[in-house]
Amino acid sequence: MKKAVIIGGGLGGIAVALRLQCAGWQTTVFEAGPTFGGKMNRWQKDGFTFDTGPSLITMPWVFRETFAAAGARLEDHLEMKPLAPIAEYRFHDGTRFEYTSSLPDWLATMERVAPGDQDGFYRFLELGAKLFAISKATFFDRSPYEAPGPGEWRAMKNMPLRLAWGNYQKTIEKLFKSPHLRQLYGRYPTYVGSSPWLSPATLAVIPYIEFAFGGYAVTGGLYRIVEELLGLARQRGVELAANARVVRIEKSGGVARGVELASGEKVAADVVIMNGDYGATAGLLGVATGGVKATGKSAMQGRSMSGFVQLYGLRKPLTGIHRHTVCFSEDYKKEFSQIFNERRFPDDPTVYVNAPDPFDTLFIMANTPATEEVWDEARIAEARARVFRRLRLAGFPEFEADIAVSDFWTPTRLSERYLMPGGAIYGVDSHGWKNAFLRPPNVNPAVRGLYHVGGSTHPGGGTPTVLMSAAITARLIGQRFA
Ligand SMILES: Cc1cc2nc3c(=O)[nH]c(=O)nc-3n(C[C@H](O)[C@H](O)[C@H](O)COP(=O)(O)OP(=O)(O)OC[C@H]3O[C@@H](n4cnc5c(N)ncnc54)[C@H](O)[C@@H]3O)c2cc1C
């Protein structure tokens, strides 16, 4: 049996291990942290249970395919529930509406809040549909570093050139007159940790996917996905080691030979797969340059956003709220300028609240730059005050007096827990065509036998794309060792 060692037990690491194990490999996953799942994590205290990372998933068929690759049916393990509505949006001027993936309902809402923008919405959908068709035939299934097949050339011929190669925000402004729809659709590049003002219009595929195929929750929380995949992995024979940090990738003659753990133990392997942040690979290879620089302010340029997450368990459930609420800042452009140009937590952050039924646990998130500066108590208190100010302005119900348990995740904590430089949730940002579509490769270009999987690599961050990454990496390894 060929042996594969996976550095990191995030969603991508578990999925690639499961796929390879089912294809006849012996796989071992080494996870630095105490639990598996990486950023798809869970926190439990005093009877409250929280997902600390993802709260909404799209493209459910990708999850189904992952289970199918292990000879299982997702439906036998998990209940995925379409969200209707997907979210309630609250704007600075007091406007509020539900965003839904039902076309008749959304047309009716647009008639009320953005009359005259329906044609723009149809064009936006058309652009997204073309981008989706192309992505499906190319980006989602294959690495851009592979030679294109005939299907890919055919798909590229249909590229909607004019709109797709432009700037994301400019395209939004061309298609929508309503300031509310501009802000709403401007939010989607943040799904990959990026700014609408700096991203290419090709990211219009993200709102298309959510609208066309829906957003989903999982009964019992998204961490159930990790639990079920781990259960399958164990059953199929994947070896899973937690509290096992890899400190070095062993290589000789330009070929990866295995890994060394913090304990000093050395483990030989035919292939090594890095599920940790791509930018941390150079350090494991003992290479001084390349990847993300270890120190200095400029080191964080080009990194995707991090997050400031507050988790609250409440003594009594809130009423009159939706499962997902987005409270927009007054000046969205200024917010992104403060994040990406001034590289600081915005004065007036857009705040996202996830409150699974029965609305007694709150996951509250605001975007913030990836940073190596430590988020100390004072910084947390200041950011928290700005988030609460925005919630109050948006008319979100008061709950501070009812907080029973709380926990905070900052860029510092994210960086330390998941070993990702600056706490950048999605690796490099998606600014400019190259960053968005030529993500770091799944096959390491310098070291034979070293592969990459996960959100910091191709095809990018977000749970379904991470699972696609696992499928691509497992296929490339299978081809290399066929
Ligand atoms: C707050 C937050 C909200 C999010 N919201 C959403 C959402 O709503 N929808 C969505 O789809 N996605 C969302 N995401 C993104 C999603 O969680 C990630 O894209 C995905 O989980 C990343 O999986 P991964 O396999 O790439 O890596 P990770 O989850 O980063 O896992 C990598 C693992 O590797 C381990 N590791 C690293 N280096 C080493 C080493 N040297 N030795 C051993 N182990 C190592 C780390 O400890 C980590 O556990 C969110 C993320 C966060 C943090």
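What to note about this one:
- Folded to 0 to 90 degrees: helix 463-480 orientation relative to the chain principal axis, Cα: 20 degrees
- The relative contact order of the chain comes to 22 percent, based on Cα pairs under 8 Å that sit 6 or more residues apart.
- Contact order for the range 305-418, expressed relative to its length and based on alpha carbon pairs under 8 Å spaced 6+ residues apart, stands at 41 percent.
- Cα centroid separation, the range 423-482 to the range 298-369 (Å): 27 Å
- Taken about its Cα centre, the chain carries a charge dipole of about 1320 debye when Lys and Arg each add +1 at the Cβ and Asp and Glu each add -1 at the Cβ.
- Environment charge at A262 (Cβ cut-off 15 Å; Lys +1, Arg +1, Asp -1, Glu -1): -2
- For the range 321-379, the relative contact order is 33 percent, taking Cα pairs closer than 8 Å that sit 6 or more residues apart in sequence and dividing their mean separation by the residue count.
- Distance between the C-alpha centres of the range 57-108 and the range 196-239: 10 Å, rounded to the whole angstrom.
- Options C327, W25, L83, ranked by Cα towards positive dipole end of the chain, top entry (Cβ charges): W25
- F408 versus E75: modelled label distance in nm, points set 7 Å from Cα along the beta carbon direction: 4.6 nm
- Loop-located trypsin sites (Lys or Arg not before Pro) in the range 31-73 whose Cβ has at most 12 other Cβ within 10 Å (DSSP): R73
- Helix 11-22 axis, angle to the chain major axis (alpha carbon atoms, nearest 10°): 40 degrees
- Between 0 and 90°, nearest 10: helix 118-137 axis offset from the chain longest Cα axis: 0 degrees
- Charge sum, other residues only, whose C-beta stays under 13 Å from A233's C-beta, Lys/Arg counted +1 and Asp/Glu -1: -1
Quick note: the coordinates plus some simple rules give every number you see, no bench work behind them. Computed from a predicted model, the values in this text were never measured in an experiment. No Cβ is skipped: glycine too gets one built from the backbone with ideal geometry, and neighbour counts run over all protein chains shown.
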